[in-house]
Amino acid sequence: MDITIEPLHLHPQLRAAVAQLIYDEFWTNDPDASPAWMEDRLSEAGDHARLPLSFVAMADGVMVGTINLIDNDDDKRPHLWPWLAALAVVPAWRSHGVGSQLVNALLQAAAALDIDTVYFGTDGPGFYQRLGAVVHEQVSPTFCVMRFDAVKARRPS
């Protein structure tokens, strides 16, 4: 089955499902967060020419994953810009290449905006290292800030 990756703003009917996926994956322990709050944040991604960017992976029109490029995802590191955020894949679609396709689509979009470096935080660096990311800062034994360098060089010809 083919996976397509497109800007979420082209598929507003999927925004609630994407918001729920992100909320379930990253925000359930935050009493100030909700799927509706996340949906509002996702609605800020309205075109391809500026941040934030939000992408959705689809299989036959069904949402199977998402990724975002935002100004900052870490209040302690405001000098790092921009950030890959909320990479999430529906559990049944994990280990099928969806995450890799989402990261590559995001990096291509960043290159189109002349962005050199993309930062992100993770507790699972191995996945990203296989895609070319490097550790920027080891924050704790189980969490690091990573980056993709030379993003513009990845621009497809």
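With 5 Å bins beginning at zero, the pair-distance distribution over Cα atoms of the range 53-113 amounts to 4, 19, 27, 21, 15, 9, 4, 1, 0 %. The helix-only estimate of mean residue ellipticity at 222 nm for the chain, built from DSSP H runs of length n ≥ 4 each weighted as -39500 (n - 2.57), is -6500 deg cm²/dmol after division by the residue total.
In plain terms, the C-alpha convex hull of the range 58-157 casts an average shadow of 7.1 nm² when viewed from every direction.
Shown for the range 72-157: the carbon plus sulfur share of the solvent-accessible area, taken with all protein chains present and a 1.4 angstrom probe, equals 51%. Averaged over residues, the count of other Cβ atoms within 10 Å places the peptides 77-89, 43-55, 123-135 in the sequence 77-89, 43-55, 123-135, highest first.
Annotation for the range 70-119 versus the range 42-56: alpha-carbon center distance of 12 Å.
For the range 1-67, what number results from the quotient of the Cα radius of gyration and 2.2 N^0.38 Å? Show your work: numbers first, answer last.
Details: Rg = 11.9 Å, N = 67, 2.2 N^0.38 = 10.9 Å.
The reported ratio for this selection is 1.09.
The values are calculated or read from the model by the stated rules, or taken from the named source; none is laboratory data. Just so it is clear, the model here is predicted, and its values are computed rather than measured. Every residue, glycine as well, gets a Cβ built from its backbone with ideal geometry; the counts of neighbours run over all protein chains shown. For the accessible areas, the whole protein counts, side chains as well, though only heavy atoms, and no ligand, DNA or RNA atoms are used. Shrake-Rupley method; radii C 1.70, N 1.55, O 1.52, S 1.80 Å.
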